[in-house]
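Below is one structure; the comments refer to it alone.
The values are calculated or read from the model by the stated rules, or taken from the named source; none is laboratory data. Nothing here was measured: the structure is a model prediction, and the numbers come from that model. A quick note on method: Cβ atoms are made from the backbone with ideal geometry, for glycine too, and the neighbour counts reach across all protein chains shown. Quick note on the areas: whole protein, heavy atoms, side chains included, nothing else; ligands and nucleic acids left out. Shrake-Rupley method; radii C 1.70, N 1.55, O 1.52, S 1.80 Å.
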Amino acid sequence: MKRYTLSFIVLLIAVGIPLLLINPSEKAAMSRDGRITRDTLSATITRAIQIAESNYYKPIEDNNEMYRGSVKGALAALNDPYTYYVSRREHRRAVENLYNAEYGGLGIQIYRDHRGFIKISKPFPNTPADRANLQAGDYITKVDGKRIHLSEKTGMTLEDVVDILRGRLNTDVTITVQRKFLDPFDVTLTRGRISINSVKSTMLEDDIGYISITSFIGSRRTDSTGTEAEFNNALEAHKDANMKALILDLRHNQGGLLNAAYHIADAFIDEGFIVSTKGRKSEFDEEYPASPKLLCPADIPLVVLVNEYSASASEIVAGAIKDTRRGVLVGQTTYGKGVVQKRYELPDGGAMSLTISTYYTPNGTSINETGITPQVSIADDEPDDVEAIMLRKAKTSDTFRDFITKWIDDHHTRPGEIPKDFALLETELPTLQQQLEEERIYVSLKWLKQSVEQVFNLHVGIEQVVDLAYDRQLQEAIRIIKMNEVAKYLNPPEDTEPPSTTHADTPIEPDVTAEE
């Protein structure tokens with residue numbers, strides 16, 4: 001039994017697509033048809049790129065991208081959506097966000113406003129930005145003297161700004177801040193260690209604890225960060241508050257690190273195996289046993305929320321809890337990603353994600369392409385097909401984004417006091433609805449309100465842990481606990497079937513801001 005090996009094993013939804021990975025000792029090996037050697041194929045790639053460089057109708061600014069394209073194509077030939085090339089920037093960001101759960105930065109949440117300027121929506125507590133008294137509503141107009149503006153003309157993106165603001169620990173960066181009603185001023189900050197959070201929690205009515213895990217991330221540096229540490233802290237806080245039951249929310253959690261998921265499931269299960277993996281090579285065969293110590297006592301009723309976007313690592317947790325009958329799953333059938341990837345670094349600074357094994361739940365089940373069906377199947381309140389399409393169009397419209405950011409800017413009337421009362425913006429939504437209709441985008445006020453409020457909250461730094469008014473799945477989880485029905489669903493009569501509903505349409509995601 002091997003428990004802590006393969007720290008780079010990842011279970012995460014990603015749709016993507018190295019050079020032909022040629023072993024020098026096998027360069028002359030024949031292809032399957034027995035006629036073309038790998039030397040010939042390698043020469044073919046080089047020759048194709050040379051021809052394109054000489055004859056393409058436009059100048060090729062960076063032929064390295066063509067070589068990287070051959071790497072992507074080689075992996076795409078496996079017809080596996082989870083095996084793909086990862087660019088240098090994406091890999092560096094993954095190391096920070098996924099493996100380390102921290103980065104060197106300032107500690108701010110930013111977004112693009114309606115004019116293409118970068119605006120702070122929230123400084124995080126006890127960070128360089130907080131200590132420098134940066135405020136929600138501040139604009140960042142320059143970084144180290146370089147003008148910051150997002151537009152087609154500058155070619156600058158929000159990710160580019162993130163790269164500029166992040167950097168090595170204890171290095172300095174000077175930003176020019178424009179605070180409304182004041183003259184611009186420069187602030188020099190020393191980049192600090194910024195932890196990435198993956199857990200949100202709160203106490204609900206009737207002493208019901210609620211913990212949401214958005215992804216499964218780890219920490220190479222210390223046990224004080226990462227999903228496991230955050231979850232344990234939240235769980236202990238709930239126990240200290242006399243928690244009587246727990247709701248674990250894994251909806252929209254698309255995965256992360258296998259070890260992180262294993263430790264979360266281990267908090268609820270004290271015997272048997274939580275998950276096992278099996279690959280073509282025996283070195284990828286692993287068994288992850290439950291430890292005898294329970295962090296969450298067995299007498300705490302447990303309800304787990306899942307949906308069609310719960311995938312990979314979150315399915316490991318949900319599958320282990322369902323198979324061991326430790327808790328009730330509520331929501332919709334999960335995504336169905338039952339394979340494991342390992343990240344291999346490549347010489348160009350990028351990496352490749354390679355599927356190496358299949359994982360199995362405690363009952364020995366592979367959930368790949370089938371997912372996990374909850375005991376209580378309930379669709380959330382969502383728009384019909386036509387409205388969902390219109391909402392997607394609205395969310396990608398400049399009119400939608402600009403209306404919100406301009407309203408925030410117009411109602412920011414005093415330095416440091418960014419408007420946070422959504423009710424004021426809500427009264428003006430008919431105007432936005434009319435503007436969208438002029439673009440042939442027809443959205444009802446009900447769904448427009450929900451979408452605008454999500455984006456508004458993100459842009460003004462409001463973190464809403466739960467939404468009891470609209471969340472039908474959470475409402476059902478609370479009802480099951482309050483009515484003492486957890487045991488009923490864990491031990492149903494053999495001749496009965498759990499209630500079910502049809503799947504809902506794809507929900508509309510809020511705009512995502514970047515963290516620095």
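Run the count for the stretch 208-353, please: Lys pairs, Cα-Cα under 17 angstrom, 8 or more apart or on different chains.
The number of close lysine pairs in the stretch 208-353 is 5.
Restricting the stretch 268-300 to trypsin sites (Lys or Arg not before Pro) that sit in a DSSP loop and have at most 13 other Cβ atoms within 10 Å of their own Cβ leaves 280, 281, 293.
Placing +1 on each Lys and Arg Cβ and -1 on each Asp and Glu Cβ, with no other charges, gives the stretch 372-466 a dipole about its Cα centre of roughly 160 debye.
In the context of the full set of protein chains, the stretch 368-491 has a per residue accessible area of 50 Å² (1.4 Å probe). To put it simply, the accessible area of the stretch 133-197 at a 1.4 Å probe is 47 percent carbon and sulfur.
Given a 1.4 angstrom probe, I'd like the percentage of the accessible area of the stretch 199-288 that is carbon and sulfur, rounded to a whole number. Intermediate values should be presented prior to the final figure.
Details: 1440 of 3630 Å².
Accessible surface attributable to carbon and sulfur in the stretch 199-288 totals 40 percent.
How do 263-269, 448-454, 234-240 rank on mean C-beta neighbours within 10 Å, highest first? Write down the numbers at each step before the final one.
Working: 263-269: 23.0, 448-454: 20.6, 234-240: 16.4.
Descending packing order for the listed peptides: 263-269, 448-454, 234-240.
Only Cα pairs under 8 Å and 6+ residues apart enter the sum, and on that basis the relative contact order of the stretch 263-364 stands at 31 percent.
Using the Kirkwood radius over Cα pairs, work out the Stokes-Einstein diffusion coefficient for the stretch 369-489 at 25 °C and 0.890 mPa s, in µm²/s as a whole number. Don't skip to the answer; put the middle values down first.
Values: Rh = 16.9 Å.
Result for D is 145 µm²/s.
When each of the peptides 429-441, 475-487 is scored by the mean number of other C-beta atoms lying within 10 Å of its residues, the order from highest to lowest reads 475-487, 429-441.
About its Cα centre, the chain has a charge dipole of approximately 1740 debye under the convention of +1 per Lys or Arg Cβ and -1 per Asp or Glu Cβ, with nothing else charged.
Quick check on the chain: helices-only [θ] at 222 nm, where DSSP H runs of length 4 and up contribute -39,500 (n - 2.57) each and the sum goes over total residues. Nearest 500, please.
Counting only the DSSP helices, I get -9000 deg cm²/dmol.
When only Cα pairs under 8 Å and 6 or more residues apart are kept, what is the percent relative contact order across the stretch 330-419? Let's see the in-between values first.
Numbers: 89 pairs, mean separation 24.8, N = 90.
It rounds to 28 percent for the stretch 330-419.
Just report the Cα centroid separation between the stretch 75-150 and the stretch 325-377, whole Å. If we compute the Cα centre of each part, the gap is 28 Å.
Above 33 angstrom, tally the Cα pairs of the chain and express them as a % of all pairs, no decimals. Across the chain, Cα pairs with separations above 33 Å total 49 percent.
Compute log10 of I(q)/I(0) for the stretch 42-191 with the Debye formula, placing one identical point scatterer on every Cα and leaving out solvent, at q = 0.09, 0.14, 0.17 Å⁻¹, to two decimals. Results for the stretch 42-191 at q = 0.09, 0.14, 0.17 Å⁻¹ read -0.44, -0.83, -1.00. Annotation note: chymotrypsin sites (Phe, Trp or Tyr not before Pro) in the stretch 46-82 located in DSSP loop regions with a Cβ neighbour count of at most 12 within 10 Å are 56, 57. A Förster radius of 56 Å combined with the Cβ-Cβ distance from residue 325 to residue 389 puts the calculated FRET efficiency at roughly 0.90.
Tell me the volume per residue, in Å³, of the convex hull enclosing the alpha carbons of the stretch 169-238. Intermediate results must be reported in sequence, preceding the final value.
On the way: hull volume 10.1 nm³, N = 70.
Once divided by residue count, the hull of the stretch 169-238 is 144 Å³.
Computed on the stretch 93-175, with alpha-carbon pairs under 8 angstrom and 6+ residues apart, the relative contact order is 29 percent. Any chance you could check the Cα centroid distance between the stretch 190-218 and the stretch 465-481 for me, in angstrom? Going from one Cα centre to the other spans 18 Å.
Accessible area per residue, 1.4 Å probe, Å², for the stretch 67-217: what's the number? Counting only protein heavy atoms, the per-residue value for the stretch 67-217 is 45 Å². Taking the charge dipole of the chain about its Cα centre, with +1 at Lys and Arg Cβ atoms and -1 at Asp and Glu Cβ atoms, the residue from 263, 126, 55 reaching farthest to the positive side is 55.
Which number comes out as Rg/Rh for the stretch 81-164 once both Rg and the Kirkwood Rh are worked out on C-alpha atoms? Let's see the in-between values first.
Values: Rg = 14.7 Å, Rh = 14.4 Å.
Rg/Rh: 1.02.
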